[in-house]
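What follows is calculated from the coordinates using simple rules that are stated; it is not laboratory data. Treat the numbers as computed from the prediction; the structure is a model and nothing was measured. A quick note on method: Cβ atoms are made from the backbone with ideal geometry, for glycine too, and the neighbour counts reach across all protein chains shown.
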Amino acid sequence: MTLDAGELERLYAYPAADRPWVRTNFVSTLDGAATGTDGKSGTLGGEADTRVFALLRSLSDVIVVGAGTARDEGYADFEVDTELRARLGLAPAPTMVLVSRRLDIPPALIARGTVVVTTADADPEAVAALGRTLEVIAEGRGEIDWTAVLAWFAERGWNRVLCEGGPSLHGELVGLDLVDELCLTIAPVLTAGDAPRIAHGDDPVHHTMTLAHAIEADGGLLTRWVRSRHP
Ligand SMILES: NC(=O)c1ccc[n+]([C@@H]2O[C@H](COP(=O)([O-])OP(=O)(O)OC[C@H]3O[C@@H](n4cnc5c(N)ncnc54)[C@H](OP(=O)(O)O)[C@@H]3O)[C@@H](O)[C@H]2O)c1
């Protein structure tokens with residue numbers, strides 16, 4: 001199927017929400033692997049997935065990513081559709097939010113004015129060192145207090161939250177039932193092996209999702225799933 005830019009923008013528009021809406025974005029093989037044979041996810045997605053990945057960034061206020069993914073995938077500078085963002089009244093670029101306990105932050109991200117989310121009991125020296133160039137949000141002892149972090153986002157009007165993983169961070173957000181929607185590209189590939197899934201955590205949960213759309217592209221599917229929250 002040919003993907004029309006306007007139609008994609010409509011399909012992936014954030015809902016009008018008066019709170020931070022947490023969208024996560026992943027690619028997975030048919031047998032549920034979150035990484036290809038090179039241990040990265042980029043090799044799984046085709047051209048359509050790349051387009052949607054970029055569009056989701058362009059539609060977001062904030063991009064949240066675990067330090068593991070930032071390190072493994074070599075996160076660095078990135079471009080967004082500034083015309084689209086201006087049309088939607090968004091800031092010129094989304095803010096990158098890096099989640100880390102050890103505070104081993106790739107230098108390329110430090111240069112971008114990234115915000116770092118960590119725990120309140122993180123190494124004070126590392127927090128102080130980072131705090132000289134970056135904003136550090138330290139919430140929660142032992143585990144990050146995500147409710148407090150999202151309240152912090154809300155204060156800044158960051159309601160369009162995009163989380164790009166990885167599986168550890170995603171598993172935690174799923175476990176806390178904070179994921180409002182999942183954008184999942186299903187790649188037409190079988191891998192077997194012992195690759196991680198797109199979410200893992202200590203305790204299994206059962207959260208039902210409703211299909212918003214499924215588009216055939218590059219032989220696979222671009223899907224969007226919204227959390228079913230019945231009162
Ligand atoms: N298929 C996909 O769409 C997709 C998407 C993203 C990533 N991936 C793949 O997933 C793999 C990485 O997986 P991963 O589970 O290690 O990724 P991850 O969740 O990005 O990274 C884990 C690390 O991030 C930090 N972190 C995450 N959640 C945290 C939390 N709640 N509190 C404190 N720190 C937290 C910690 O960093 P510190 O070590 O700094 O404390 C932790 O060691 C890579 O191979 C990547 O290619 C696939």
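Approximating the spin labels as points 7 Å out from Cα along Cα→Cβ, the residue 18-to-residue 38 distance works out to 4.7 nm.
For residue 129 and residue 156, the difference between the fully extended length at 0.36 nm per residue and the C-alpha to C-alpha distance is 7.3 nm. Residue separation of residue 2 and residue 91 scaled by 0.36 nm, minus their Cα-Cα distance, works out to 29.1 nm of gained length.
For the chain, the 222 nm mean residue ellipticity estimated from helices alone, with every DSSP H stretch of n ≥ 4 adding -39500 (n - 2.57) and the total spread over all residues, rounds to -7000 deg cm²/dmol. Hey, if you put +1 on the Cβ of every Lys and Arg and -1 on every Asp and Glu Cβ in the range 144-231, which of 169, 183, 198 ends up farthest toward the positive end of that dipole? The residue sitting farthest along the positive end of the dipole is 183. Given their separation in residues at 0.36 nm each and the Cα-Cα distance between them, residue 230 and residue 214 gain 3.5 nm when the chain is fully extended. Using all pairs of distinct alpha-carbon atoms, the Kirkwood hydrodynamic radius of the range 1-88 works out to 14.8 angstrom. Relative to its residue count, the chain spans a Cα convex hull of 131 Å³ per residue. State, to one decimal in nm, how far the label point of residue 82 lies from the label point of residue 148, with both points 7 Å from Cα in the Cβ direction. About 3.7 nm, to one decimal. For the range 61-160, count all C-alpha to C-alpha pairs, find those more than 23 Å apart, and express that count as a whole percent of the total. Tail of P(r) above 23 Å: 27 percent of Cα pairs.
The GluC sites (Glu not before Pro) of the range 46-117 that meet both conditions, a loop assignment by DSSP and at most 11 other Cβ atoms within 10 Å of the site Cβ, are 79. Placing dummy labels 7 Å off each Cα toward the beta-carbon, the span from residue 10 to residue 177 is 3.4 nm. Dipole orientation for the range 61-160: of the candidates 86, 150, 66, 86 has the Cα lying most toward the positive pole (charges on Cβ; Lys, Arg +1; Asp, Glu -1).
Summarising the amide proton neighbourhood of residue 136: residues at separation of 5 or more, or on other chains, whose placed amide H is nearer than 5 Å comprise 116. Take every DSSP beta bridge with both residues inside the range 61-160 and express the antiparallel ones as a percent of the total, to the nearest 5. Around 0 percent of the beta bridges assigned by DSSP in the range 61-160 are antiparallel ones. Among DSSP beta bridges lying fully in the chain, give the percent that are antiparallel, nearest 5. Here the share of antiparallel DSSP bridges comes out near 35 percent. Counting Cα-Cα pairs of the range 140-204 in 5 Å increments starting at 0 gives whole-percent bin shares of 4, 13, 21, 23, 18, 10, 5, 4, 1. The fewest-to-most ranking of 143, 9, 172 by surrounding Cβ atoms within 10 Å reads 143, 9, 172. Of interest is the spacing of the C-alpha centroids, which for the range 36-93 and the range 148-199 amounts to 13 Å.
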